[in-house]
């Protein structure tokens, strides 16, 4: 048995990890007010909202595809377990165990 090909591709890059503050926060104090400027979330990235939404859609599609792929792997695993219920020879059992290990490794992979 061969593992089905994962056609989901690689995980899209996230903008969150590359967000750096554009400028250092500037502290302004008044007699009764103390606050910081320049550290807002909207200043964390120079990526526009259209690009960010596109990236979020790509990530959602990738997650959905990966979820479907992994559920297919679980179905294959259950089918192998069911076939193991019938009397097996040692070579057959070794093949099934190797396939189960391959499925488990693919399922547990983060990407």
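The values are calculated or read from the model by the stated rules, or taken from the named source; none is laboratory data. The shown structure was predicted, so the numbers you read here are calculated from the model rather than taken from an experiment. Positions of Cβ are generated from backbone atoms using ideal geometry, with glycine treated the same way; all protein chains shown enter the neighbour counts.
Among the residues that make up segment 50-65, is at least one of them part of a helix (DSSP H, G or I), at pLDDT below 90 and surrounded by 11 or more Cβ atoms within 10 Å (Cβ to Cβ)? Yes, segment 50-65 contains at least one residue that is part of a helix (DSSP H, G or I), at pLDDT below 90 and surrounded by 11 or more Cβ atoms within 10 Å (Cβ to Cβ).
Applying the selection to segment 68-107, what residues are under 19 Å from the mean Cα position of the chain (by Cα), closer than 17 Å to residue 2 by Cα and free of Cβ contacts under 8 Å to residues at least 40 places away in the same chain? Passing the criteria: 70, 71, 74, 104, 105, 107. When residue 65 is tested against (1) in contact (Cβ under 8 Å) with a residue 12 or more places away in the chain; (2) more than 24 Å from the chain's Cα centre (by Cα), exactly one condition is not met: (2).
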